[in-house]
Structure formats: structure tokens, C-alpha cells
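Some notes on the structure that comes next.
Bear in mind that the values in this text are calculations on the coordinates, not laboratory data. Keep in mind that this is a model prediction, so the values were computed, not measured. Here Cβ is always computed from backbone atoms with ideal geometry, including for glycine, and neighbour counts include all displayed protein chains.
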Amino acid sequence: MPDTFDPYREKLIVETNTIWPDEFDHVEPSDRARIETALHGTPDSAANLEYVRIHSGFCRQITVTADDVARVSP
């Protein structure tokens, strides 16, 4: 279940992770990198955001959705 954007946890982010569902297998690596940068640059707009607790803080994990790709694509 996705989390809501949390400014407190955002201050404790030490890692990021992006999950690409199989429906996006056709997306080129260069496009994936650009999309990931845009999604993690505005995590408050991500459709599926999770904060995963790790020993040194939190990992922001975003699962890419079609809405996310449409929002950050030119």
C-alpha cells in the first residue's frame, strides 16, 4: 500500500529505488534514467510512493505508473 508524502521522512532519505513494472519493458535505459530523476525530484507527486525503513534512515521507493510517465514526459 502506498504511503503519503512525508516531509519528515524525506529529510531522512539515504537511498532511492525505482520499480519498473513489466508494462514498461520497452522504455529505453536513457528514458528510464530521465523519468526516475523527474519522479524522485518531485516525490510528492508520485502515484505510488513508499518509505522503506533501513538501518541508516529511509529508502524512498517509487513504483512507476502510466500516470507518472505521462506527467513527466515531454
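For this structure, a couple of remarks:
- Estimated FRET transfer efficiency (Leu12, Arg32; beta-carbon r; R0 25 Å; 0.05): 0.45
- Other residues whose C-beta falls under 15 angstrom from the C-beta of Ala66 contribute a net charge of -4, scoring Lys and Arg +1 and Asp and Glu -1.
- Between Ser73 and Thr4, the modelled labels are 3.0 nm apart [label points 7 Å from Cα along Cα→Cβ].
- Sites His55 and Asp22, calculated FRET efficiency, Cβ-Cβ separation with R0 35 Å, nearest 0.05: 0.70
- For the chain, the spread of Cα positions along each principal axis, largest first, Å: 34, 21, 20
- Each Lys or Arg adds one and each Asp or Glu subtracts one; over the other residues with Cβ under 15 Å from the Cβ of Glu10, this totals -1.
- Counted by Cβ distance under 15 Å from Gly41, the other residues give a net charge of 0, where Lys and Arg count +1 and Asp and Glu count -1.
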